[in-house]
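Asker: There's a structure below that I have some questions on.
Bear in mind these aren't lab numbers, they're just calculated from the coordinates by the rules spelled out. Fair warning: this is a prediction, and the values are worked out from it, not measured in the lab. Please note: Cβ atoms are built from the backbone with ideal geometry, for glycine as well, and neighbour counts cover all protein chains shown.
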Amino acid sequence: MKKENIIIGAIAVIGALTLFNTYSIFTKKSRVVATPTSQANNVGAVNPSTLPETNDFANNFDQPQKPQVQAPAAPTGSLTSLNFKTPKKDFGQVLSTSSNKHTFKFTNTGTEPLIISNAKGSCGCTVPKWPKEPIAPGETGEIAVEYKPAGQSGVQTKYVTITANTSPATTQLTITGDIQADPNAPQQPAQPIAPEGINIQ
């Protein structure tokens, strides 16, 4: 008799728990359905009902992302301007073993001191030197460039980029030359050609 009472009590407890859980589930669902603000507040992937019906998300995900290109840093501080008397130099025909030098002269045509922060050649064969001290308004300065075309041939064009407190921040100088082989240059010994499959040390 006691066992039967225990079993009946256990069944009653289970039934009560089941009824309570069922009531809780239906109550939560009805609250979500009955509260329109809950749908408005849950935006995005958390609430599937607010996902777009089209496949735009998948299409956008498959699209290749364009690389972000950073714009060059704008010059800061007081700006001025500079003017080169001749921004180009043509050395004409020069030997490949030669060292060619030229001085570009410029004037600070602005109203603030000109500060050149850098001067860089487009390759290691072109080396510029620039004044490190500020150039007062109306004053002149020089950029000395040395061009060594070793190993080059034919018509060559090289550049020197000046960075200063100007707008735009960079100014470009151009040098050209028609590089000729030096007949007096020592000849490199010819390398023997090994038969296929044989390495020559």
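Asker: Could you give the nm distance between label points at residue 7 and residue 161, where each point is 7 Å from its Cα heading toward the beta carbon?
Answerer: Rounded to a tenth, the inter-label distance reads 9.1 nm.
Asker: Listing 145, 155 from the residue with the fewest other Cβ atoms within 10 Å to the one with the most, what is the order?
Answerer: Ascending number of Cβ neighbours within 10 Å: 155, 145.
Asker: Dividing the convex hull volume of the Cα atoms of the range 82-180 by its residue count, what figure in Å³ per residue is obtained?
Answerer: Enclosed volume per residue, from the Cα hull, is 77 Å³.
Asker: Please arrange 132, 148 by how many other C-beta atoms lie within 10 Å of their C-beta, fewest to most.
Answerer: 132, 148
Asker: If you don't mind, another one. Calculate the FRET efficiency for residue 96 and residue 170 from the Cβ-Cβ distance with a Förster distance of 25 Å, rounded to the nearest 0.05.
Answerer: Computed FRET efficiency for residue 96 and residue 170 comes out at 0.25.
Asker: Count charges around residue 90 for me, please; just the other residues with Cβ under 12 Å from its Cβ, Lys/Arg as +1, Asp/Glu as -1.
Answerer: +2
Asker: Which of 19, 173 comes first, and how do the rest follow, when ranked by fewest Cβ neighbours within 10 Å?
Answerer: With the fewest neighbours first, 19, 173 line up as 19, 173.
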